[in-house]
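Taking it in order: structure first as structure tokens, then the write-up.
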Amino acid sequence: MAAEIRTFTCLNDNFGYLIHDVETKATASIDAPEAGPIIKALEREGWQLTDILITHHHGDHVGGVAELKQKFNCRVVAPHDKTTKIANVDLRVANGDVVKVGTLLGRVLETPGHTLDHVSYVFDTEKTLFAADTLFSIGCGRVFEGTYPMMWDSLLKLRALPDDFKLYCGHEYTASNVKFALTVDPDNAALQARAAEVARLRAENKPTIPSLLGDEKRANVFLRADEPAVAARLHMKGADAAAVFGELRERKNKS
Ligand SMILES: [Zn+2]
């Protein structure tokens, strides 16, 4: 493997991620919730920050950009401007663009819904997906700016990636997501297995990330809104998948 990934906590429950190209020593931070923990993680490894890949404009994803850019003079990559208020950007990207981090190639997938500008970064060779606040383990982001059909389409784009890809998401929300999912999907054996694993990891104070996309496809009810059994459980037999997804999201909001 030519890439190394480091995972750490920023703010309360945001994940910080570094992806490092062993060959060229280029290192990208995926989002920048706050500068301090990112600088510490870089110092621990002896890495220099060359790039920041931003997924969306929320403050808990861009709060550290200005300080990191000043310190490292790194390149800042952000979604193409639609609604966006992201400052200090060197390169704007849109769906299908490929961002180079040294020799590593990050493919941009537009995944709007949580915000209108949200993108995910897919490193195909490394089988790695950075989905930020679109797809969480056993959950998904709140739909703040887009619509339920828009968010469902975005989740379908991520679901289309191979089962052996690893999911790195924006927040440690897995335990809360599991608790909710068990209320609407209690008989799902894959979910039950994930629930046990998450309880063990949290008890050991370990992150629940990454998870395998194949496991998410089986255990994450938000990726299964087009399954008749899920619609039936919500008393929505025959309903449109996006409507079923919307109902799931509404119930989670109230949970
Ligand atoms: Zn967000």
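The values are calculated or read from the model by the stated rules, or taken from the named source; none is laboratory data. Only a predicted model underlies this, so the values are computations on that prediction, with no experimental measurement involved. When we count neighbours, we look across all protein chains shown, and the Cβ atoms used for this are built from the backbone with ideal geometry, even at glycine.
Taken over region 64-89, the criterion of being hydrophobic (A, V, I, L, M, F, W, C), outside any loop (DSSP other than H, G, I, E, B) and within 14 Å of the ligand (Cβ to nearest atom) is satisfied by Ala78 alone. Every condition in (1) surrounded by fewer than 20 Cβ atoms within 10 Å (Cβ to Cβ); (2) at pLDDT 95 or above; (3) more than 16 Å from the ligand (Cβ to nearest atom) holds for Met1 except the one numbered (2).
The number of residues in region 102-154 being within 16 Å of the ligand (Cβ to nearest atom), in a strand (DSSP E or B) and in contact with an Asp or Glu (Cβ under 6 Å, 6 or more places away or on another chain) comes to 1.
When each of Gly59, Gly36, Gly63, Gly46 is tested for being touching a helix residue (DSSP H, G or I) at 6+ places or on another chain (Cβ under 9 Å) and surrounded by fewer than 17 Cβ atoms within 10 Å (Cβ to Cβ), the lone residue that passes is Gly36. Confirm whether His61 is within 15 Å of the chain's Cα centre (by Cα), in a helix (DSSP H, G or I) and closer than 28 Å to Ser154 by Cβ. Judged against the criteria, His61 is a match.
Among the residues of region 241-252, those identified as more than 12 Å from Ala181 (Cα to Cα) and touching a residue at least 40 places away in the same chain (Cβ under 8 Å) are Ala241, Ala242, Ala243, Phe245, Gly246.
Can you tell me which residues in region 163-191 are part of a helix (DSSP H, G or I) and either loosely packed, with under 15 Cβ neighbours inside 10 Å or at positive phi (or both)? Listed by number, the residues that qualify are Lys179, Thr183, Ala189.
Residue pairs whose Cβ atoms lie under 9 Å apart, sitting 6 or more positions apart in sequence or on different chains, and linking a residue in region 59-75 that is at pLDDT 95 or above and small (Gly, Ala, Ser) to a partner that is part of a loop (DSSP other than H, G, I, E, B) and away from the ligand (no atom under 16 Å from the Cβ), are Ala66/Ala87; Ala66/Asn88. For Thr147, the requirement of being surrounded by fewer than 17 Cβ atoms within 10 Å (Cβ to Cβ), among the polar types (S, T, N, Q) and closer than 28 Å to Val244 by Cβ is met.
Taken together, the residues in region 76-85 that are in contact (Cβ under 8 Å) with a residue 40 or more places away in the chain and loosely packed, with under 14 Cβ neighbours inside 10 Å amount to 1.
The set of residues in region 215-244 being small (Gly, Ala, Ser), part of a helix (DSSP H, G or I) and loosely packed, with under 15 Cβ neighbours inside 10 Å consists of Ala229, Ala232. Could you list all residues from region 4-49 that are touching a strand residue (DSSP E or B) at 6+ places or on another chain (Cβ under 8 Å), part of a loop (DSSP other than H, G, I, E, B), over 19 Å from Thr128 (Cα atoms) and away from the ligand (no atom under 16 Å from the Cβ)? Scanning region 4-49 gives Trp47, Gln48, Leu49.
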